[in-house]
């Protein structure tokens, strides 16, 4: 499985866009990029996934570079409720995810 | 609520006791996963089921751990002779198979185990 690298922590002002980067330089052609977040003491929550193209849903946008070696999760208008640990996961098969330590995002009022 | 549910939410036990956790997946999901999460770390994969078949077990799953999914619906995770190092959050997730490469997993709220 591809290894992912994320910054340990980030701050973002409320109402501004939060851009969370992830490096996955060893990703292979059939591996999807998944993003999850975990709010304190809760189970991880699915946000978005993508393979090659940029993706957008009601929660976030996912930008994947053309070489697929990195991606950025964008929360367009961060709120205090978006404070959480964000995990970038690269996965090819149907077995369990390999989580790293994620990025701790703190949204500031 | 149609999400993944886990029971109990919290469990305190003494070292050496056995504990059992239950997970009820989203009803139409054929895959079920167990993870363990310790403080400050991301979840770690333990095992997964496709229907009632247990198809993969992590090296983290020692012989004191056993998981079952007898009818392909709910699952149980049992830990025998608990140790203090077993203290963690135990997470269950489920997914609907959509081919080999796409697998969105939905997580339950977890069971927090404290071994005294």
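Read-outs: derived from the displayed coordinates by stated rules, not from any lab. Model, not experiment: these values are computed from the prediction. Glycine also receives a Cβ, built like all others from the backbone with ideal geometry; neighbour counts cover every protein chain displayed.
By the count of other C-beta atoms within 10 Å, a proxy for reagent exposure, A:40, B:29, A:24 are ordered fewest to most as A:40, B:29, A:24.
Could you list A:88, B:92 so that the one with the fewest beta carbons within 10 Å of its beta carbon is first and the one with the most is last? Please list the in-between numbers first.
Details: A:88 26, B:92 29.
Taking fewest neighbouring Cβ atoms as first place, the list is A:88, B:92.
Kirkwood analysis of chain A, using all unique Cα-Cα pairs, places the hydrodynamic radius at 13.9 Å. Spin-label model, residue B:55 to residue B:20: label points 7 Å out along the Cα-to-beta-carbon direction sit 2.6 nm apart. Here the residues A:81, A:16, ranked from fewest to most Cβ neighbours within 10 Å of their Cβ, fall in the order A:81, A:16. Considering the zone a paramagnetic label at residue B:73 would reach in this model (a point 7 Å from Cα along the Cα-to-Cβ line), which residues of the stretch B:1-45 have amide N under 16 Å from it? So the set is B:1-7, B:22-32. Kirkwood's formula applied to the C-alpha pairs of chain B gives a hydrodynamic radius of 14.2 angstrom.
Mind checking the full-extension length gain between residue A:45 and residue A:77? Use 0.36 nm per residue of separation minus the Cα-Cα distance, one decimal, nm.
Details: separation 32, 0.36 × 32 = 11.52 nm, distance 1.83 nm.
Taking 0.36 nm per residue and subtracting the Cα distance, the gain is 9.7 nm.
How shielded is A:35-42 by partner chains, expressed as the average number of their Cβ atoms within 10 Å of its Cβ atoms?
Details: counts 0, 5, 0, 6, 0, 0, 5, 6.
Average per residue, whole number: 3.
I'd like the distance between the alpha-carbon centres of the stretch A:16-60 and the stretch B:28-58, rounded to an integer number of Å. About 20 Å separates the Cα centre of the stretch A:16-60 from the one of the stretch B:28-58.
Stretching residue B:2 away from residue B:28 to a fully extended chain increases their span by 8.3 nm, per 0.36 nm per residue minus the current alpha-carbon distance.
Based on Cα contacts under 8 Å between residues 6+ apart, chain A shows a relative contact order of 37 percent. Mean separation of Cα pairs under 8 Å and 6 or more residues apart, divided by the residue count, gives chain B a relative contact order of 36 percent. Straightening the chain between residue A:69 and residue A:9 buys 19.5 nm, computed as 0.36 nm per residue apart minus the Cα-Cα spacing.
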